[in-house]
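Novice: Could you have a look at this structure, given as structure tokens, before my questions?
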Amino acid sequence: MNVKSVEKKEKSTVELVIEIGKEEFEAAVEKVYKKQRGKITVPGFRKGKAPRKIIEGMYGSGVFYEDAINDLYPEAYTQAVEQEKLDTVSWPNVEVLDVGKDGLTFKATVTVRPEVKLGEYKGLTAEKNEVTVTDEDIEGELKPFINRATRMVTVEREAKEGDTVVIDFEGFLDGTPFDGGKAEGHSLELGSGSFIPGFEEQLVGTKAGDEKELNVTFPEDYHAAELAGKPVVFKVKVHEVKEKQLPQVDDEFAKDVSEFDTLADFKKDLGDKLKERRESQAQRDFEAALMEQVMSNMEVEIPDAMVDYEADQLVNDMAQRIQAQGIPFEQYLSMMGMTVDMMREQAKAAAMERVRRDLALGAIVAAENITVSDEEIEEEYKRLAEQYHMELDKVKEAVDAEGIRKEQSYHKAEHVVYDSAKVGKAPAKKKASSKKKAEDAAEGEEKPKKTTRKTTKKKAEEPAEEKAEEKTEE
């Protein structure tokens, strides 16, 4: 592999021209021939026994070139990126310039991390919410425990709002039952708003044994188009009316639902935990406001490809999470009425924020000469092993050390901002070139930590398959 030229282009792109010599290319073609000859039928030869020259004579001298190129170029590209010390942030666009007996020459155009000019990032000021917890807040924290201890008791009276009725029902559109409109023994809390408007209200005043026809109209934006905005009739039979029987909220209640002996101690603990959560949220909001100032103060032209790449990562991460739950991603998209392109478009706002943050923190790491020692990385490996109950060696196999180094350096960069900041009135917002340029880069679009990635061999294979064929000799 030889890097023939490296040329910087506009919008943080770099164009590499890479050569693969005669011997290396010939070895790749021979490897493809040996792999594929068993699949090629040649008259007069048993399958897999036809000489390469005979096959090339039948199908053209470049019959094996496309697969040879796809085998060779990813590693050659990766070596070139490492040799030139390029910080790539997107997949490469690969174009074959020349291919033949003398070797392969291809051009790879890739987006690299743009230059960032930091503005103010130390000594910033932002507002921080003052945390308070009222008696009413504590009662709100207590409510879920009361609800869980509440019993449902059958009553012989007419149903009122807040009661639960056990019903059979069937819906009819123009006198014909419709799909999904029938159920038996369904428990419905009146006033919960879980059914379409008008349904629950008409069951107030019914009692066990009653049968009733309910006239309702589906909302215009109802998800089933055949029912949206349509008047229907539900035939309902009431089997049972139940009311909530609330527990006595006292010391005995506290003993039953918590580790405390008195209600007062239980409430104090609920209040303390609520205050801790609110303080944590206030701190997160404070830190987010500081980072927004850092990002607004910096000057950078964010390449579209960098945002697109990050959006792809967010979609891929979501796909993995969905599939880990046993749901095929295609099925999930169908259920949601989405396509991959629609999801990618929705992900671009979050992708832009990730990219802005990544660029800001990376610039602070460079400005502050932040380093992460091997000992710190080892400690992080140990922490991960303990957190996920895994053997240390297994964690090291699964998690890249350089990824940890980057995350740790970014964590230190964040604290350069946070530890030097002050609580006070936030400065008036000003137009920031980084934000403006980010918006310009995403013009026409309405805008799941890892943005600087080296393209692996596997990933680099994706964009080149059509391009290789263009230059293949026949």
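Novice: Among D71, D67, D168, which is out of contact with any His (no Cβ under 6 Å at 6 or more places or on another chain) and under 30 Å from D210 (Cα atoms)? Spell out the reasoning first.
Specialist: Values: D71 fails: under 30 Å from D210 (Cα atoms); D67 fails: under 30 Å from D210 (Cα atoms).
That would be D168, the only listed residue that is out of contact with any His (no Cβ under 6 Å at 6 or more places or on another chain) and under 30 Å from D210 (Cα atoms).
Novice: Closer than 16 Å to E407 by Cβ and more than 14 Å from the chain's Cα centre (by Cα): is that true of Y332 in this structure? Explain how you work it out, then say what you get.
Specialist: On the way: closer than 16 Å to E407 by Cβ: no; more than 14 Å from the chain's Cα centre (by Cα): yes.
For Y332, the condition - closer than 16 Å to E407 by Cβ and more than 14 Å from the chain's Cα centre (by Cα) - is not met.
Novice: May I ask you to list the residues in region 241-274 that are farther than 24 Å from D163 by Cα and of a type in the set (V, I, T)? Steps first, please.
Specialist: Residues of region 241-274 that are farther than 24 Å from D163 by Cα, as a first pass: 250-252, 254-274.
V257, T262, listed by residue number.
Novice: Condition test on E279, is it of a type outside the set (S, T, Y), more than 20 Å from R356 (Cα to Cα) and at pLDDT 95 or above? Break it down into steps so the answer makes sense when it comes.
Specialist: Working: of a type outside the set (S, T, Y): yes; more than 20 Å from R356 (Cα to Cα): yes; at pLDDT 95 or above: yes.
Answer is yes for this residue.
Novice: Return a yes/no flag: does region 43-51 have any residue that is in a helix (DSSP H, G or I) and assigned by TED's automatic domain parsing to the domain that holds G100.
Specialist: Here is the first cut: in region 43-51, the ones in a helix (DSSP H, G or I) are none.
The answer is no, given that none of the residues of region 43-51 is in a helix (DSSP H, G or I) and assigned by TED's automatic domain parsing to the domain that holds G100.
Novice: Hey, another quick one. Given (1) of a type in the set (G, A, S); (2) surrounded by 20 or more Cβ atoms within 10 Å (Cβ to Cβ); (3) in contact with an Asp or Glu (Cβ under 6 Å, 6 or more places away or on another chain), identify the lone condition not met by A76.
Specialist: All conditions are met except number (3).
Novice: In region 106-151, how many are more than 20 Å from V423 (Cβ to Cβ) and either polar (S, T, N, Q) or not in a loop (DSSP other than H, G, I, E, B) (or both)?
Specialist: Count: 26.
Novice: Among (1) of a type in the set (A, V, I, L, M, F, W, C); (2) modelled with pLDDT under 95; (3) under 17 Å from K244 (Cα atoms), which single condition is F178 missing?
Specialist: So the condition that F178 fails would be (3).
Novice: Here is a follow-up. Examine region 260-269 for a residue that is among the aliphatic types (A, V, I, L, M), surrounded by 16 or more Cβ atoms within 10 Å (Cβ to Cβ), outside the structural domain of V355 (by TED's automatic domain parsing) and within 27 Å of E127 (Cβ to Cβ), and state whether such a residue exists. Before you say what the answer is, go through the steps one by one.
Specialist: If we filter region 260-269 for residues that are among the aliphatic types (A, V, I, L, M), which is where we start, we get 263-264.
Next, from what is left, pick out any that are surrounded by 16 or more Cβ atoms within 10 Å (Cβ to Cβ): 263.
Still in the running and outside the structural domain of V355 (by TED's automatic domain parsing): 263.
Those left that are additionally within 27 Å of E127 (Cβ to Cβ): none.
Looking through region 260-269, none of the residues is among the aliphatic types (A, V, I, L, M), surrounded by 16 or more Cβ atoms within 10 Å (Cβ to Cβ), outside the structural domain of V355 (by TED's automatic domain parsing) and within 27 Å of E127 (Cβ to Cβ).
The values are calculated or read from the model by the stated rules, or taken from the named source; none is laboratory data. Everything quoted here is computed from the prediction, not taken from an experiment. Here the Cβ is made from the backbone with ideal geometry for all residues, glycine too, and neighbour counts use every protein chain on show.
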